[in-house]
Amino acid sequence: IKEKQFLEVISEVDDDTTWLAGHTRWPTRGSHLNNRNNHPILVGKRLVGCHNGTITNADALFRRLNLPRFAEVDSEIIFRMADDTLHDGCIDIPAFKEQLALCRGQVSAVLASKCDPKTVVVIRGNMPVELRYHPEYHIMIYASDPAYLDVAVPCDLGWEDIETKPMSIMTFHCDDLPTFSSRPFKLGLRE
């Protein structure tokens, strides 16, 4: 956040911006030199997201669900599943939840459909995700570890923690932050 490139991106944020996503990837699969493996991952032209964790059965799920693949990274399967459930540009959360149940491994993720840009889906699975909200600026931020948020935006500057439950899919609408709906989900139910 102290780099020139970050400041250039932030300077382009305006009232129409609903989501900025960044991710520092610990490459477990797929070379970081292939930008298709790096986050945020863009699926087609409709869906974008970041994932923290490892999906150990991603290769098998791509075959089983007959989903297209453009990268080597296992994270892509989460976003392909969400894309597969889009109805009128919106992620069908119950259908997406069913597909997530096929995943084995570790999951936390943030994703959105470009066709429904004011809706952001946050998955807090068995990997951490920390959320904070600033009521004056009507902004929500996230990170995998609260230490990152403490450095970037200390709580004493008006930021409030948003409590989330593990193994839940939360849906946020930008016009009604920090309110969200939450649904439980499970991983690895079927093979």
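The values are calculated or read from the model by the stated rules, or taken from the named source; none is laboratory data. These numbers come from a predicted model, not from an experiment. Positions of Cβ are backbone-derived with ideal geometry, glycine not excepted, and every protein chain shown enters the neighbour counts. Side chains included, ligands, DNA and RNA excluded: accessible areas come from the protein's heavy atoms. Shrake-Rupley method; radii C 1.70, N 1.55, O 1.52, S 1.80 Å.
Quickly work out the ARG104-to-PHE70 label distance, labels modelled 7 Å from Cα along the C-beta direction, and quote it in nm with one decimal.
2.9 nm
Go through VAL122, VAL48 and list them by solvent-accessible area, largest first, probe radius 1.4 Å. Working shown, then result.
Details: VAL122 5, VAL48 30 Å².
Result, largest first: VAL48, VAL122.
Taking all protein chains as present, what is the carbon and sulfur share of the accessible area of the chain, in % to the nearest whole number, probe 1.4 Å? Don't skip to the end; give the middle numbers.
Details: 5580 of 10780 Å².
Heavy-atom surface of the chain belonging to carbon and sulfur, 1.4 Å probe: 52 percent.
Setting aside same-chain residues fewer than 8 positions from LYS97, which lysines have a Cα under 27 Å from its Cα?
The reachable lysines, counting only those whose Cα sits under 27 Å from LYS97, are LYS45, LYS114, LYS118, LYS165, LYS186.
If you count only protein heavy atoms with a 1.4 Å probe, what accessible area per residue comes out for the chain, rounded to a whole Å²?
Numbers: 10780 Å² over 191 residues.
Accessible area per residue: 56 Å².
Using the scaling law 2.2 N^0.38 Å as the reference, what is the normalised Cα Rg of the chain? Show your work: numbers first, answer last.
Working: Rg = 16.2 Å, N = 191, 2.2 N^0.38 = 16.2 Å.
My calculation over the Cα atoms of the chain gives 1.00.
Could you work out the relative contact order of the range 33-191, using alpha carbon pairs under 8 angstrom and six or more residues apart, expressed as a whole percent? Could you put the intermediate results ahead of the total?
Working: 297 pairs, mean separation 34.1, N = 159.
RCO, the range 33-191: 21 percent.
For LEU42 and GLU3, compute 0.36 nm times the residue count separating them, minus their Cα-Cα distance, and round to one decimal in nm.
This chain segment gains 11.7 nm when fully extended.
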